[in-house]
Amino acid sequence: MNDAPSGHTARLKIPKWHFSPGIRTRLVLAILLVTVTVSLIGLVINTQRAIARIRQSTIETLLTRLNTMKVDFVRVITDQSPEYAVNLVDELNIYQDIHYIALRDNNEKVVFRYNFHKYESFELPDFVSPDHSSAIVYGDDHILIHHTVMYGGKRYGWVSIWVDAVDVREQYREYILTAVLLMIGAFLITLVLALLAGHYFSRPIRKLAEFIRGVSDNHDYSRRLEAGQAGEVGVLYGGVNVMLDEISASQSEI
C-alpha cells in the first residue's frame, strides 16, 4: 500500500553533512594546509636534486676508477691476452657493485666481456658511442657507462661497464626517510604554533560572540564591551557598544 498522495512522488530525505568550524579552527586548518603544501613541494624538489647529486657522485667515482685502469684496458684491447684479461678481472672483482664489463675496439667489435655475477644471465646491452669521453645510461636499478679508452692521445676503443645501483638506492631511501621524519617534525611543530596562534588571534572574536550571546539570552542591553581594542576589532567593539546605546535609549523612550 502506498501512503504517498496521488500525483506526488514520495521523496527520501537525505541528511546533509554541514561543516561549519569556528574561526580558530579555520585559522589552524589554513596554517596547516599552507605548511603541508609548501613541505610537499619542497620534498619533491629536494628529492629530485638529491637523486641528481647521488647519481653524479656515483658517476664521478666510476669514471675515476676507469681512468686509473686505462692501461689495463689498452692491453686487453690490443693484445687480447688471457693473462691481461685475468688480471683485469681480478682488479675489478673487488668492486661488488660492478655487474658486467665489455671492451670494444675502434671498430666497435667486442674483444672482451665478463659477467661478475656468473649465477645470473646477462645480455650485452646496446652500445652507445660517446659524443665526448663518456655516454651514460640510467636505469631503474643500474647505471651503464660507455667510456672512451684513451692513452697517449690515441683512442684504442671503448669500455662499457654495468653497475648495480644498490648504493644509489640505499642513499635515496635514507634521504627519503630523513626528509619524511623532518616533515613530520615540522608538521607537529606547526600544529602547536597554529593552535597557539589560533587561540591568540581568535580570542577577541570569541569574546565578542560570547558577549552577544549573553546579551541575547538575558536581554540585558546595559552591558558594554571594554574599549581599548586596536584595529578592526576596536571598530567592531565600538559599533556593538553604539548599537547597545541606541537600543537602551529606545527602551527608555518606550
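The values are calculated or read from the model by the stated rules, or taken from the named source; none is laboratory data. What you see is a predicted model; the values in this text were computed from it and never measured. Glycine also receives a Cβ, built like all others from the backbone with ideal geometry; neighbour counts cover every protein chain displayed. The protein model used for the area step is the full one, side chains on, heavy atoms only, and it has no ligands, DNA or RNA in it. Shrake-Rupley method; radii C 1.70, N 1.55, O 1.52, S 1.80 Å.
Observations on the structure shown:
- Length gained on full extension, Leu29 to Arg113: 24.2 nm, using 0.36 nm per residue less the C-alpha separation.
- Start at zero, step by 10 Å, and the Cα-Cα distances of the stretch 35-74 spread as 27, 27, 21, 15, 9, 3 percent across the bins.
- Accessible surface of the stretch 188-254, 1.4 Å probe, proportion on carbon and sulfur as whole %: 62
- Spin-label zone in the stretch 59-94 - amide nitrogen under 15 Å from a point set 7 Å from the Cα of Lys154 along the C-beta vector: 71-80
- Note on Asn87 and His132: with the Förster distance fixed at 35 Å, the Cβ-Cβ geometry gives a FRET efficiency of about 0.75.
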